[in-house]
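The values are calculated or read from the model by the stated rules, or taken from the named source; none is laboratory data. What you see is a predicted model; the values in this text were computed from it and never measured. No Cβ is skipped: glycine too gets one built from the backbone with ideal geometry, and neighbour counts run over all protein chains shown.
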Amino acid sequence: MIMAPLFLFSCGKKAPPFLPSQVTDLTVEHLEAEWRDDVLVLKGDVKGALSSVKGCRLYHAGYAIEDSPCRGCPVNFAPVREVEGKVVSENGFYCEFAFPREKGVHFFSVALLDGKGGAGPLSERTDIILDD
């Protein structure tokens, strides 16, 4: 009887398998945005356990006024910034930070972050039209 050599192939990873960080169910509802000079203010209601919120991630999509999508059309959001610290209270979600004020249509959405590195789902989007 002739024995053939046995070859084992593997992916090369040596670490034990792991699950990705748990995604939290924290979310912002009724998001509103406004500019105060070059400071963007975002506010809304929070759904979930307020004590577990450790910050938020801001998403933005900007378009020229003449090329802006309709209110219900999809937009290409890009993450802009993560804000660490207190962004929620009994009054809801509130976050402000410097953001350049440019002419056009600006769409915003946020995801709340928990202390374990998980991010909640994107909030409903809000928009601001700047024509000056």
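Looking at (1) basic (Lys, Arg); (2) assigned to a loop (DSSP other than H, G, I, E, B); (3) under 10 Å from the mean Cα position of the chain (by Cα), which is the only condition Arg81 fails?
(2)
For the range 84-94, name all the residues that are assigned to a strand (DSSP E or B) and surrounded by 13 or more Cβ atoms within 10 Å (Cβ to Cβ).
To start, the set of residues in the range 84-94 that are assigned to a strand (DSSP E or B) comprises 84, 88-89, 92-94.
Scanning the range 84-94 gives Val88, Gly92, Phe93, Tyr94.
Residue by residue through the range 95-132, note down the ones that are surrounded by 13 or more Cβ atoms within 10 Å (Cβ to Cβ), part of a loop (DSSP other than H, G, I, E, B) and without any contact (Cβ under 8 Å) to a residue 60 or more places away in the chain.
Matches in the range 95-132: none.
For (1) modelled with pLDDT under 90; (2) among the hydrophobic types (A, V, I, L, M, F, W, C), each residue gets a yes or a no:
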{"position": "Asn91", "(1), (2)": "yes, no"}
{"position": "Ala98", "(1), (2)": "yes, yes"}
{"position": "Val105", "(1), (2)": "no, yes"}
{"position": "Val110", "(1), (2)": "no, yes"}
{"position": "Asp114", "(1), (2)": "yes, no"}
{"position": "Ala119", "(1), (2)": "yes, yes"}
{"position": "Asp127", "(1), (2)": "no, no"}
{"position": "Asp131", "(1), (2)": "yes, no"}
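So, restricting to strands (runs of 3 or more DSSP E) that lie completely within the range 1-73, which ones have at least 2 residues that are more than 24 Å from the chain's Cα centre (by Cα) and either surrounded by 10 or more Cβ atoms within 10 Å (Cβ to Cβ) or modelled with pLDDT under 75 (or both)?
On the way: elements: 27-36, 39-47, 53-63.
The strands (runs of 3 or more DSSP E) meeting that bar number zero.
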